[in-house]
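Below: the structure, in structure tokens.
The values are calculated or read from the model by the stated rules, or taken from the named source; none is laboratory data. This is a predicted model, so every value here is computed, not measured. Neighbour counts run over all protein chains shown; Cβ positions are idealised from the backbone, glycine included.
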Amino acid sequence: MTETRELKLLSVIESVDEAAAAAEAYARDLKLADDVVFAIDLAVRESVANAVKHGNKFDKDKQIELTIGKSVAGVEITVRDFGTGFRPEDIPDPTDSENLLKANGRGILFMRSFMDDVEWSNPNGGGLLVKMIKKL
Amino acid sequence: MADITITERQAGDVTILDLDGKVTIGEGSVALRSTIRRVLGEGKNKILLNLGRVGYIDSSGIGELVSSFTAVSKEGGTLKLLNLTEKIQDLLAITKLLTVFDVFENEADALSSFN
């Protein structure tokens, strides 16, 4: 049985690759199909990138906590930062015609497109926790 | 090892940039941005991005494609895409950017479209 993997990451861009590599390895251990591995990899990349840039704002004194595990619901991934939090509903829809040529703002769209369930919460101790599930 | 290598070649007045690697947050996106800016600075504003060997792209990479498109358009030029992998095609469809970019599967057709 594949145990839950936990990583503590620095708030640097390089952590995105580190997190994605761990997620891919976990998914490969479960012998998941390539498209599922890709989905998990991308969702982890986007959520960790958001935690680095927008959550912890590259603060070297703040870590990012990543967990990757399996439950009856599927593969569960959590990414927790220690920033000030945000409201997903405040993020403009990048597919609106007025936003199509904006350089940023597509990460959450990808998370929602490739994972079956995405939820944000404000955990005790501050920051933001995003929980994503990929059903198997 | 670099995330991405970008090779430049010329076909008439069209600059073809062959990308090989990952266009993701960090090095890959920065490399694409730098190359586009340099090419525009050299007065070349017809640019074809060959993405056939781009194994991975994330939202930052997609954003860089959009920024490149905007930058080239502002210079009165045109940026088009060639050889999208199925995954990149899917990402552009999800983001509705297939309505923005001209996309080609054949280099000859792509080059003809610039004239």
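Quick rundown of the values:
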quantity	calculated
Flag for B:THR35 being among the hydroxyl-bearing types (Ser, Thr, Tyr) and out of contact with any Gly (no Cβ under 8 Å at 6 or more places or on another chain)	yes
One residue from B:LEU40, B:LEU48 being more than 10 Å from chain A (Cβ to nearest Cβ) and in a helix (DSSP H, G or I)	B:LEU40
Scan of region A:1-26 for residues that are surrounded by 15 or more Cβ atoms within 10 Å (Cβ to Cβ) and not in a helix (DSSP H, G or I), ordered by number	A:ARG5, A:LEU7, A:LEU9, A:LEU10, A:SER11, A:ILE13
Near pairs, Cβ below 7 angstrom, 6+ apart or cross-chain, from region B:97-109 (under 19 Å from B:PHE69 (Cβ atoms)) to any residue that is among the aromatic types (Phe, Trp, Tyr) and in a helix (DSSP H, G or I)	B:VAL100/B:PHE69; B:PHE101/B:PHE69
Test: residue in region B:93-101 that is farther than 27 Å from A:ARG45 by Cα and surrounded by fewer than 16 Cβ atoms within 10 Å (Cβ to Cβ)	no
Criterion violated by B:ASN83 - all others in (1) modelled with pLDDT of 95 or more; (2) within 14 Å of chain A (Cβ to nearest Cβ); (3) surrounded by 14 or more Cβ atoms within 10 Å (Cβ to Cβ) satisfied	(2)
Residue check, B:LEU65 part of a helix (DSSP H, G or I), crowded, with 21+ Cβ neighbours inside 10 Å and touching a Phe, Trp or Tyr at 6+ places or on another chain (Cβ under 8 Å)	yes
Selection count where residues are within 13 Å of the chain's Cα centre (by Cα) and either assigned to a loop (DSSP other than H, G, I, E, B) or buried (at least 17 other Cβ atoms within 10 Å of the Cβ) (or both), scope region B:25-37	6
